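Beneath this line is the structure, given in structure tokens, with notes to follow.
The values are calculated or read from the model by the stated rules, or taken from the named source; none is laboratory data. No experiment lies behind these values; they were computed from the predicted model shown. Don't worry about glycine lacking a Cβ; one is built from the backbone with ideal geometry, like all the others, and counts go over all protein chains shown. Accessible surface is based on the protein model in full, side chains and every heavy atom, while ligands, DNA and RNA are left aside. Shrake-Rupley method; radii C 1.70, N 1.55, O 1.52, S 1.80 Å.
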Amino acid sequence: MKQRVFQITVPTRGRGLYEFTGTVEQHLGETGLQTGLVTLHLQHTSASLLIQENADPEVCRDLERFFARLAPDGDPLFQHTTEGEDDMPAHIRTALTAVNLSIPIVEGRLTLGTWQGIYLWEHRYQSHRRQVTAHFIGE
Amino acid sequence: MKQRVFQITVPTRGRGLYEFTGTVEQHLGETGLQTGLVTLHLQHTSASLLIQENADPEVCRDLERFFARLAPDGDPLFQHTTEGEDDMPAHIRTALTAVNLSIPIVEGRLTLGTWQGIYLWEHRYQSHRRQVTAHFIGE
Amino acid sequence: MKQRVFQITVPTRGRGLYEFTGTVEQHLGETGLQTGLVTLHLQHTSASLLIQENADPEVCRDLERFFARLAPDGDPLFQHTTEGEDDMPAHIRTALTAVNLSIPIVEGRLTLGTWQGIYLWEHRYQSHRRQVTAHFIGE
């Protein structure tokens, strides 16, 4: 049984979903694991990790539209506003989704479904360089 | 330290919550693990994995009512509509919940609380055969 | 490779967010692990585990305000009401967030971001003693 840890940087250009499945698969290849588990942890509180459909890009845009309506920017409900009108909605979106994901590895591959991709969901307007830790364990 | 992976099929008969705690416990018994971790990953983007109360069935029905109001079928907000009026709400529900779960194993048992059950939440109207990968590690 | 499991009790004094990052770090120290993974599982269906900002306490209060508006207590939509008007909203909040979290360990430390804290989110009005299982694996 062995472990490997990689630090992944996902650069973002403002709000939206950024797929990085390929980066995780590449690191998996470097580990040489055939059976195991990868756990991804995002080190931020205003962005999320999400597994979603990567076939029709309209799905990502509809996700964005829905969350924009659910947690509107500049909502007068919020008191934590010093970092901008998009900041508290970003924390809300993060709470409603996730910052870590765990995916089994079988026969040297991630056990993602046919249409599943791994996304970094940026919730802030501005560009960021988001940090994800990827922990692999197995053999 | 050892690992085992099982593929679990959960047949669904349309929208609703389907408990499969027993299947996970059965596979745990087959592994013989006393201490460890099981990670469940659902290979779909229009259904979820959820740990919820399995005592009063009204809880599951209220969850269903709440999510139906939160992400209504046929909402004109959505552009991704070619697969039916329930498709984009299914993706939304999946984003709001989870597709993977990790549960520690102690003394040969899942460390679920007294009232916790493991559910597959089908978000589509039609029947499906949903695929869950169960990865066990421990000793 | 080794494992350790700890049972953590988080006492709550009604609805709100209770940080227990320090308790997890203390147990990590006891394991002596340098590289690994910790998985936390909450054994309840009316409270959540959440990683959120621990800098400005207003963030936690805004999270509370948002979820109180999203899933209002005493909502006539709900049928599961025998345990009080806050009970079904508590189940909803739990479904919308999470009951388990997995965080990689690198160089003997949790790979939390600068502003990330680990919280128990109590969704019921009354005080509880909430149980969290912490499973460590690594070396």
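Annotations
- Number of the condition not met by A:GLU139 [criteria: (1) within 14 Å of chain B (Cβ to nearest Cβ); (2) touching a residue at least 60 places away in the same chain (Cβ under 8 Å); (3) open to solvent by less than 10 Å² (accessible area, probe 1.4 Å)]: (3)
- Where a residue in region C:87-113 is facing chain A (nearest Cβ under 7 Å) and its partner, wherever it lies, is in a loop (DSSP other than H, G, I, E, B) and of a type in the set (A, V, I, L, M, F, W, C), with Cβ under 8 Å and at least six apart: C:LEU96/C:ALA71; C:ALA98/A:ALA98; C:ALA98/B:ALA98; C:ILE103/C:LEU112
Let's see how each residue does on (1) touching a helix residue (DSSP H, G or I) at 6+ places or on another chain (Cβ under 7 Å); (2) part of a strand (DSSP E or B):
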position: B:ILE105; (1), (2): yes, yes
position: B:THR114; (1), (2): no, no
position: B:ARG124; (1), (2): yes, no
position: B:HIS128; (1), (2): no, yes
position: B:ALA134; (1), (2): yes, yes
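- Qualifying residues in region B:45-70 (those that are of a type outside the set (Asp, Glu) and open to solvent by 40 Å² or more (accessible area, probe 1.4 Å)) - the one farthest from B:THR94 (Cα to Cα): B:ALA55
- Residue check for B:THR81: more than 8 Å from every other protein chain (Cβ to nearest Cβ) and among the β-branched types (Val, Ile, Thr): yes
- Output for region B:71-130, where each listed residue is open to solvent by less than 50 Å² (accessible area, probe 1.4 Å) and modelled with pLDDT under 95: B:HIS80
- Leading residue by the ranking (nearest to B:PRO57 (Cα to Cα)) among those in region C:33-44 that are at the interface with another protein chain (Cβ under 9 Å from one of its Cβ atoms) and open to solvent by 20 Å² or more (accessible area, probe 1.4 Å): C:HIS44
- Close pairs from region B:51-67: first closer than 17 Å to B:HIS123 by Cα, partner open to solvent by 10 Å² or more (accessible area, probe 1.4 Å) and assigned to a helix (DSSP H, G or I), Cβ under 8 Å, at least 6 apart: B:GLN52/B:CYS60
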